[in-house]
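Beneath this line is the structure, given in structure tokens, with notes to follow.
The values are calculated or read from the model by the stated rules, or taken from the named source; none is laboratory data. For clarity, every value in this text was computed on a predicted model and none was experimentally measured. Cβ: placed from backbone, ideal geometry, glycine included. Neighbour counts: every protein chain shown.
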Amino acid sequence: MTVAWLGIGANLGDARQTLKDAVVCLAQQHTLTVLAKSSLYRTAPVDAGGDDYLNCVVKLETRLSAHELLALCQRVEHHFGRERPFRNAPRTLDIDILLYGDAVIDEPDLSVPHPRMTGRAFVLVPAVEIDADLEIPGRGPASAFLAAVADQRIEKVKPMCQCMGSAPVAAAPAAAADNGNNIANNAGAGSAGEPGMPPDPAPGRTCR
Ligand code: ADP
Ligand code: MG
């Protein structure tokens with residue numbers, strides 16, 4: 001089993017719903033286990049035009065090889081209507097492999113660690129949210145690159161779902177101390193708990 005990190009982004013269509021559905025799609029794969037997801041972030045396009053992006057980062061454990069994981073990411077992208085009319089074109093869904101264990105891969109179709117991850121706030125900020133001590137093989141702590149991308153616009157998207165309320169859950173007291181990223185504790189429905197949210201979600205409230 002290998003721990004891998006994916007960077008997920010979208011800026012075409014209903015990007016928020018696509019990101020949520022893509023994480024669910026990944027979580028349903030029997031070849032991997034989603035360990036954590038970051039909050040959603042609204043970010044300015046980097047090296048591209050078009051609308052703002054929504055981005056998140058997912059940490060997973062998989063028995064797939066790095067190339068098999070890339071193929072899976074591309075299948076999921078395709079499933080969500082990804083097209084590549086030109087480089088850095090707006091996209092319904094982009095899934096990049098950021099890290100694959102300690103592997104350093106430099107092949108024509110796969111570079112890991114992702115060569116541009118240290119220069120992108122939309123990768124570094126959500127990754128460090130999940131793991132403040134994240135190490136990038138061959139490059140050092142991810143947090144060390146944050147200062148250099150501080151000029152890139154990025155804001156955390158407030159979760160719409162009331163199931164992320166801050167009240168302790170009686171059956172799972174550990175959840176009260178959780179930062180919201182642990183899929184095992186929160187089923188991956190959103191991000192950090194919002195102060196003042198009621199403990200019981202309204203019936204029928206859409207979780208997105
Ligand atoms: P972008 O670089 O904007 O994400 P694409 O998603 O269209 O562009 O990917 C272009 C190519 O990048 C893919 O065909 C893939 O083979 C290659 N690639 C190289 N390294 C990676 C990686 N770490 N994750 C995802 N794709 C990668
Ligand atoms: Mg990509």
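Restricting to region 126-150, and then to whatever is touching a residue at least 40 places away in the same chain (Cβ under 8 Å) and of a type in the set (D, E, K, R), can you tell me which residue is nearest to ligand 1 (Cβ to nearest atom)?
ASP131
Could you tell me whether ALA174 is away from ligand 2 (no atom under 15 Å from the Cβ), part of a loop (DSSP other than H, G, I, E, B) and either modelled with pLDDT under 90 or hydroxyl-bearing (Ser, Thr, Tyr) (or both)?
Against the criterion (away from ligand 2 (no atom under 15 Å from the Cβ), part of a loop (DSSP other than H, G, I, E, B) and either modelled with pLDDT under 90 or hydroxyl-bearing (Ser, Thr, Tyr) (or both)), ALA174 does not qualify.
Where the second residue is at pLDDT 95 or above and the first is of a type in the set (Asp, Glu) and lies in region 103-125, which pairs have Cβ atoms under 8 Å and are six or more apart or on separate chains?
These pairs meet every condition: ASP109/HIS67; ASP109/LEU70.
Do we have VAL24 as in a helix (DSSP H, G or I) and surrounded by fewer than 17 Cβ atoms within 10 Å (Cβ to Cβ) here?
yes
Taking the conditions exactly as written (within 13 Å of ligand 2 (Cβ to nearest atom), in contact (Cβ under 8 Å) with a residue 60 or more places away in the chain and basic (Lys, Arg)), does ARG91 satisfy them or not?
yes
For region 38-56, how many residues meet the condition of being of a type outside the set (S, T, N, Q) and within 13 Å of ligand 1 (Cβ to nearest atom)?
Count: 6.
Any residue at all in region 68-80 that's modelled with pLDDT of 95 or more, farther than 21 Å from VAL149 by Cβ, among the β-branched types (Val, Ile, Thr) and more than 15 Å from ligand 2 (Cβ to nearest atom)?
no
Just give me the residues in region 95-118 being β-branched (Val, Ile, Thr) and more than 6 Å from ligand 1 (Cβ to nearest atom), in sequence order.
Across region 95-118, the qualifying residues are ILE95, VAL104, ILE105, THR118.
Of all the residues that make up region 105-119, how many are surrounded by 14 or more Cβ atoms within 10 Å (Cβ to Cβ) and away from ligand 2 (no atom under 12 Å from the Cβ)?
5
Can you find even one residue in region 140-155 that is part of a loop (DSSP other than H, G, I, E, B), modelled with pLDDT of 95 or more and within 23 Å of VAL3 (Cβ to Cβ)?
Yes; the residues of region 140-155 include at least one that is part of a loop (DSSP other than H, G, I, E, B), modelled with pLDDT of 95 or more and within 23 Å of VAL3 (Cβ to Cβ).
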